[in-house]
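Colleague: Take this structure, written in structure tokens, and hold onto it; I'll ask about it next.
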């Protein structure tokens, strides 16, 4: 039996993670208490194991409520996304950096170091990428969001060294298919492709058809988060950080696969208006080699058809 805390629990990945935790538990352990943190909640949760705490994780009192009883694992998913963090630096820093440190420092008094899984981002690599990215590629963030996430990785590793937590950071790529308009997310077009074409609706994407992105479904992403929360900690690398394995696909390859599933006429619904900045950040990705992550047991979706199936299974 275990007590698990999830920040950003109302978000896209957070909702999927909560569903899996309640259904499957954490590793071999059932979840006896699940504490969810977010700014607000749509409605009370039906499962009696769930406690919802509404408020900002930048607020020490909110964090204290979550940690009031012994904690076995924390999934730290809450963040201010890239575009929104660029528009409001202070808010981005408060949530993406300062609150991460607060969440770690507040765990110092736990009876034993809990597992701490931090959702980092491939944005740590920046926009000037080498011909191939691997697990030794040096980060060079081009946005404050990526910079703060990289600092968060360092904080997780240091908190692990200090014995506060047993931490691991995973660098998330474009996770699909996020419902809604993706406000604040410059990568929102990646998910909108799925929902718009499935609904037979037109859309304009801000990158070229031959733009190459890194993709993972929300199902595969959640599977990886759960895996690092239960794998033997002695298997982690010294950095306590891994990029998630990804599928590397062009926009046109995804459009073609969606059209093959929903009807060839769907291709005509997509128009392209490349934005040079968005293209550099999200559609010029080289191969990503992740042998360490794969040896640890992390996985991508396998192929584009499985990506679509898992992305739409929500």
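Colleague: How much length, in nm to one decimal, is gained on full extension between residue 86 and residue 68, taken as 0.36 nm per residue of separation minus their Cα-Cα distance?
Modeller: Stretched fully, the residue 86-residue 68 segment lengthens by 3.1 nm.
Colleague: What share of the DSSP beta bridges in the chain is antiparallel, in percent to the nearest 5?
Modeller: 10
Colleague: Here's another thing I want to ask about it. Among (1) 0.99; (2) 0.96; (3) 1.28, find the value of Rg/Rh (Cα atoms, Kirkwood Rh) that was calculated from the structure presented, and write down its label.
Modeller: (2)
Colleague: I would also like to ask the following. What fraction of the DSSP beta bridges in the stretch 156-300 is antiparallel, stated in percent and rounded to the nearest 5?
Modeller: Of the beta bridges lying entirely in the stretch 156-300, close to 30 percent run antiparallel.
Colleague: May I ask for the angle, rounded to the nearest 10°, between helix 144-161 and the longest principal axis of the chain, with both axes built from Cα atoms and the value confined to 0 to 90°?
Modeller: Compared with the principal axis, the helix lies near 40 degrees.
Colleague: For residue 309 and residue 59 in the same chain, what is the full-extension length gain: residue separation times 0.36 nm, less their Cα-Cα distance, in nm?
Modeller: Contour length minus Cα-Cα distance gives 86.1 nm.
Colleague: Also, quick follow-up: Using only the alpha-carbon atoms, how far is helix 251-262 inclined from the longest principal axis of the chain? Give it as 0 to 90 degrees, nearest 10.
Modeller: The angle comes out near 90 degrees.
Colleague: Can you pull a Stokes-Einstein diffusion coefficient for the stretch 26-121 at 20 °C (1.002 mPa s), Rh from Kirkwood over Cα pairs, as a whole number of µm²/s?
Modeller: 148
Colleague: If one takes the longest principal axis of the Cα atoms in the chain, at what angle in degrees, from 0 to 90 and to the nearest 10, does the Cα axis of helix 12-24 lie?
Modeller: Helix 12-24 sits roughly 60 degrees off the main axis of the chain.
Colleague: Also, I was wondering about something else. What number, in percent, do you get for the relative contact order of the chain if the mean sequence gap of Cα pairs under 8 Å and at least 6 apart is divided by its residue count?
Modeller: 17
Colleague: Would you mind getting me the FRET efficiency between residue 295 and residue 161? Use the beta-carbon distance for r and R0 = 35 Å, nearest 0.05.
Modeller: For R0 = 35 Å, the calculated efficiency reads 0.95.
Colleague: While we're looking at this one, here's another question. Under a crude label model (7 Å from the Cα following the beta-carbon direction), how far is residue 262 from residue 127 in nanometres?
Modeller: 2.9
Colleague: Between residue 200 and residue 234, what is 0.36 nm times their sequence separation minus the Cα-Cα distance? Round to one decimal in nm.
Modeller: Computed gain between residue 200 and residue 234 is 7.4 nm.
Colleague: Mind sorting 196, 33 by how few other Cβ atoms lie within 10 Å of their own Cβ, fewest first?
Modeller: 33, 196
Colleague: Sorted from fewest to most neighbouring beta carbons within 10 Å, what does the list 189, 282, 277 look like?
Modeller: Ranking 189, 282, 277 by Cβ neighbours within 10 Å, fewest first, gives 277, 189, 282.
Colleague: Roughly what percent of Cα-Cα pairs across the stretch 161-262 reach past 23 Å?
Modeller: 38
Colleague: Mind giving me the FRET efficiency for residue 140 and residue 40? R0 is 41 Å, r the Cβ-Cβ distance, nearest 0.05 is fine.
Modeller: 0.70
Read-outs: derived from the displayed coordinates by stated rules, not from any lab. Keep in mind the model is a prediction, meaning the values are calculated, not measured. So basically every Cβ, Gly included, is an ideal-geometry build from the backbone, and we count neighbours across all protein chains shown.
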